[in-house]
């Protein structure tokens, strides 16, 4: 069977949006088409990624591996799954994820954050194995201010969280990805027939 989704490649953000709100997924990908979000927080994240990749001295205190913005693709049910991992060590198959924002990350929030499971699964499928331990680095930033002319900026505070992802968690992510692809395919097919 050939599965068809609104976009040619499927990502963590699409999976996450579908599992949380099919209505929001439909709005973003069926009606409005594929577009890039460009909020101040996303702009800040891109700026940090660029600075880390260029070894900006302002961010020397932030740990990174040899492969920044490591892109991997894996096919499931004929659908290409794509991930951009913030930084990856190909010798140990270990990765870490950066997060920004004013609101603090906690151990509990990190343990529930499925993006880490998703990336761990993808690395295992593409590279054959993955280190069970990963890290999330919360790089604190100011909240966006009321005027668009003053974007969020870094405070200098970084908190590191370590998390171990089990094979069971990777298997659960795989099942959830397959389920989402099938659900979106059926839903999108019905939508196209009625619109």
Every residue from the range 60-83 that is touching a strand residue (DSSP E or B) at 6+ places or on another chain (Cβ under 8 Å) and without any contact (Cβ under 8 Å) to a residue 60 or more places away in the chain: 64, 65, 66, 67, 68, 69, 70, 71, 72, 74, 75
Residue ID - modelled with the lowest pLDDT, chosen from residues in the range 116-152 that are assigned to a loop (DSSP other than H, G, I, E, B) and more than 23 Å from residue 104 (Cβ to Cβ): 147
Any hit, the range 144-165, residues being under 18 Å from the mean Cα position of the chain (by Cα) and under 24 Å from residue 14 (Cβ atoms): yes
Positions within the range 85-99 being surrounded by 12 or more Cβ atoms within 10 Å (Cβ to Cβ) and over 13 Å from the mean Cα position of the chain (by Cα), in sequence order: 88, 89, 90, 92, 93, 94
Residue 76, sole failed condition from (1) at pLDDT 95 or above; (2) buried (at least 18 other Cβ atoms within 10 Å of the Cβ): (2)
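Residues are listed down the side, and each one gets a yes or a no for (1) more than 30 Å from residue 160 (Cβ to Cβ); (2) over 17 Å from the mean Cα position of the chain (by Cα); (3) modelled with pLDDT under 80; (4) not in a helix (DSSP H, G or I):
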{"position": "23", "(1), (2), (3), (4)": "yes, yes, no, no"}
{"position": "38", "(1), (2), (3), (4)": "no, no, yes, yes"}
{"position": "42", "(1), (2), (3), (4)": "no, no, yes, no"}
{"position": "52", "(1), (2), (3), (4)": "no, yes, no, no"}
{"position": "55", "(1), (2), (3), (4)": "no, yes, no, yes"}
When residues of the range 164-194 are limited to those that are without any contact (Cβ under 8 Å) to a residue 40 or more places away in the chain and not in a helix (DSSP H, G or I), the one farthest from residue 134 (Cα to Cα): 166
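The values are calculated or read from the model by the stated rules, or taken from the named source; none is laboratory data. For clarity, every value in this text was computed on a predicted model and none was experimentally measured. In this analysis, Cβ positions are derived from the backbone assuming ideal geometry, glycine residues included, and neighbour counts consider all displayed protein chains.
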